[in-house]
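Okay, structure first, notes after.
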Amino acid sequence: MIDIRLQELIKNATVKLGLDIDQDTIVIETSKDSAHGDYATNIAMQLARPLRKNPREVATLLINAMDQTPFEKIEIAGPGFINFFLKPETLSKYIATILKEGSNFGNGSKKDTKVNIEFVSANPTGKLHLGHARGAAVGDTLARLFIKSGYEVIREFYVNDAGVQIDNLGKSLYVRYLNLFGIEKELPKDAYHSTDLIAIAESLKAEIGDKYVKESKEGLEYFKLEGTNKFLEIIKNDLQNFDVVFDVYSYETKVRAGNTIPKLLEKLAPFTYEEDGATFLKTSDFGDDKDRVIIKSNGDFTYFLPDIAYH
């Protein structure tokens, strides 16, 4: 708030000097040493060339053209820095405003634009790791900044609840379930080895008993769904404990179930080709280092296709 006011004062001074500069280009910095004032700017050095004057001379011109009411004093330092020393009463006015407005202090004017921020979006195949925590902190910080700036913000978590990783989760959980009944079965290739799966399998055994001891496609679908839901619940709880709450959870399965992908493939047809039974997208035509597979030779989608359809 104070830095914006300083920008306004400097902008007004430049107008008096016959210059037309963008106020946002005026850099205001908080002084690291109180001996050098409360705030500082290098604007005089930026304007030295267009004014064809020494930066310190430009600083003098700016100071003389400024409204100096808020300042105890203004000094020129070094090659042309301008240091501002605020009057105590100037600061006290802002403190009073902050106390009065509370958490609303500094809010931007309401904007008509909505902002959607999709972040974290961790695969529901295990717990969050440190990288996810970083993404949660960065994403939620961006959301809060946009809200503070007056935008309506939607926090979105995209759930990758389909594809190879979910197939592997279902198979891994199914094996852990069967093991609880003394059935010797090894985990498949690319299985998930988390001990959390054992705990989940135990809870599911308590719920359904031996319903799926005889292996079946129905059983696999059940464990895929339950494994996804259990881990998503864990993820949601961890995020809530981190004070990150999402407004919307979007699911890849819903993207796949609709007619979005068939329509997308029609649009992409001029940019795709078949090779060895797989469908490739000509991304190299747009600067990519190689073309990307969007449909595998076995008919499965790669993650590219649902992601393109979703976005």
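The values are calculated or read from the model by the stated rules, or taken from the named source; none is laboratory data. The structure presented is a predicted model; accordingly, all values stated were derived computationally and were not measured. All Cβ positions, glycine included, derive from the backbone under ideal geometry; neighbour counts span all protein chains shown.
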(message) Would you confirm, using the coordinates I've provided, whether residue 238 is of a type in the set (D, E, K, R) and out of contact with any Phe, Trp or Tyr (no Cβ under 9 Å at 6 or more places or on another chain)?
(response) yes
(message) If residue 244 satisfies all but one of (1) assigned to a loop (DSSP other than H, G, I, E, B); (2) out of contact with any strand residue (DSSP E or B) (no Cβ under 6 Å at 6 or more places or on another chain); (3) touching a residue at least 12 places away in the same chain (Cβ under 8 Å); (4) not assigned by the TED database to the domain that holds residue 131, what's the number of the condition it fails?
(response) (4)
(request) Could you list all residues from region 48-106 that are at pLDDT 90 or above, of a type in the set (S, T, N, Q), in a helix (DSSP H, G or I) and surrounded by 14 or more Cβ atoms within 10 Å (Cβ to Cβ)? (result) 60
(request) Filter region 125-174 down to residues that are under 30 Å from residue 108 (Cβ atoms) and part of a helix (DSSP H, G or I), then give me how many there are. (result) 17
(request) Say whether the condition of being in a helix (DSSP H, G or I) and surrounded by 11 or more Cβ atoms within 10 Å (Cβ to Cβ) is met by at least one residue in region 291-302. (result) no
(message) Can you report the number of residues in region 55-73 which are farther than 15 Å from residue 14 by Cβ and under 41 Å from the mean Cα position of the chain (by Cα)?
(response) 2
(request) Could you tell me whether region 43-54 includes any residue that is closer than 25 Å to residue 149 by Cβ and under 40 Å from the mean Cα position of the chain (by Cα)? (result) yes
(request) Have a look at 176, 134 and point out the one that is free of Cβ contacts under 8 Å to residues at least 40 places away in the same chain and within 30 Å of residue 217 (Cα to Cα). (result) 176
(request) For region 276-290, name all the residues that are part of a strand (DSSP E or B) and farther than 21 Å from residue 164 by Cα. (result) none
(message) Given the condition within 30 Å of residue 152 (Cα to Cα) and β-branched (Val, Ile, Thr), answer yes or no: does some residue in region 298-305 qualify?
(response) no
(request) Just name the residue that is surrounded by the fewest Cβ atoms within 10 Å (Cβ to Cβ) out of those in region 107-132 that are within 16 Å of residue 157 (Cα to Cα) and of a type in the set (Ser, Thr, Tyr). (result) 121
(message) Scan region 135-144 and tell me whether some residue there is surrounded by 15 or more Cβ atoms within 10 Å (Cβ to Cβ), in the same structural domain as residue 217 (by the TED database), small (Gly, Ala, Ser) and in contact with a strand residue (DSSP E or B) (Cβ under 9 Å, 6 or more places away or on another chain).
(response) yes
(message) Here's a check for you: in region 250-279, which residue that is farther than 28 Å from residue 157 by Cα and aromatic (Phe, Trp, Tyr) is surrounded by the fewest Cβ atoms within 10 Å (Cβ to Cβ)?
(response) 273
